[in-house]
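Asks: Got a structure here, written out as C-alpha cells. Questions coming.
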Amino acid sequence: MRSLLICAALLLGSCGFSEKIDVMFECVSPSGSYIATFYRVSTGDRPGDQEMKINVRPSTSAFDNSMASFSFRHGYDAVIHWPSDHDLRIDYPVDSELTHQEMVIFGTSQTFHPSDQIKVVYREKPSTHGHFLVAKRCFNGIVK
C-alpha cells in the first residue's frame, strides 16, 4: 500500500506544466531600429494560465522573454502600430486584465541607449472572445 502511495505521488508531481513561450508575431519600427515582439507565456492548460506580453528591444538585441513592457490576461491578441521609432500604439482586447503597463519605455530598461525612449499609447478595442478579426497586426509608419 505504501509503495502505491509513493508511486501516485511521483506521478502527480511529474505532471507539472513548465513555462512555455510562444512568439505570436514581431513588428519592426519604421527605420528597422526596434522590434516589438508579441508573445504568449503559458504555465498550464487553462485560459487563466496564459499571459500575453510585448517585448520592445533594439533590432540588434536578441529576444529576452523576461523583458516585457506590457502584459495582460484573458485576451489573446494585439495590434501594434509604430507611427515613428519613438512612438508606439498597442491595441488590445477590451475585456483583458492588465498585469503590466509602461507608458514610456526607457533605454536602460530594455538595453537601449540611456537617452532613448519610446512613448506608448494603449487602446482597448472590441474583440471576439479576446481575438481581433483582422488580417494585419503590424503597422509601421504613419497610416494615411
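Asks: Which one is modelled with the lowest pLDDT, of the residues in region 115-144 that are of a type outside the set (A, V, I, L, M), within 14 Å of Leu88 (Cα to Cα) and assigned to a loop (DSSP other than H, G, I, E, B)? Walk me through how you get there before you give the answer.
Replies: Here is the first cut: in region 115-144, the ones of a type outside the set (A, V, I, L, M) are 115-117, 119, 122-132, 136-141, 144.
With the extra rule that they be within 14 Å of Leu88 (Cα to Cα), the set shrinks to 116-117, 119, 122-123, 137-141.
Narrowing the set further to residues that are assigned to a loop (DSSP other than H, G, I, E, B) leaves 116, 137, 141.
Details: Asp116: 78, Arg137: 96, Gly141: 84.
Ranking the candidates gives Asp116 first.
Asks: Here is a further query. From Ser59, Ser71, which residue is of a type in the set (S, T, N, Q) and modelled with pLDDT of 95 or more?
Replies: Values: Ser59 fails: modelled with pLDDT of 95 or more.
Answer to the selection: Ser71.
Asks: Filter region 24-44 for residues that are surrounded by 14 or more Cβ atoms within 10 Å (Cβ to Cβ), farther than 14 Å from Ile90 by Cβ and not β-branched (Val, Ile, Thr) and give the result.
Replies: Across region 24-44, the qualifying residues are Pro30, Ser33, Arg40, Ser42.
Asks: Another question, if that's okay. Step by step: first the residues of region 45-69, then only those that are part of a loop (DSSP other than H, G, I, E, B) and in contact with a strand residue (DSSP E or B) (Cβ under 8 Å, 6 or more places away or on another chain), then the one that is surrounded by the most Cβ atoms within 10 Å (Cβ to Cβ). Which residue is that?
Replies: Among them, the one singled out is Ser69.
Asks: Quick one: in region 86-106, which of the residues that are surrounded by fewer than 16 Cβ atoms within 10 Å (Cβ to Cβ) and in contact with a Ser or Thr (Cβ under 7 Å, 6 or more places away or on another chain) is farthest from Gly141 (Cα to Cα)?
Replies: Thr99
Asks: Pairs please, first residue from region 117-131 and closer than 20 Å to Asn55 by Cα, second anywhere and in a strand (DSSP E or B) and polar (S, T, N, Q), Cβ atoms under 8 Å, 6+ apart in sequence or on different chains.
Replies: Listed by first residue and then by second, the contacts come to Tyr122/Gln101.
Asks: Would you point out the residue of region 70-82, among those that are more than 14 Å from Glu26 (Cβ to Cβ) and part of a loop (DSSP other than H, G, I, E, B), that is farthest from the chain's Cα centre (by Cα)?
Replies: Out of the qualifying residues, it is His74.
Asks: Scan region 105-114 residue by residue and report those that are modelled with pLDDT of 70 or more and over 16 Å from the mean Cα position of the chain (by Cα).
Replies: Selection gives Phe106 alone.
The values are calculated or read from the model by the stated rules, or taken from the named source; none is laboratory data. Computed from a predicted structure; not experimentally measured. Positions of Cβ are backbone-derived with ideal geometry, glycine not excepted, and every protein chain shown enters the neighbour counts.
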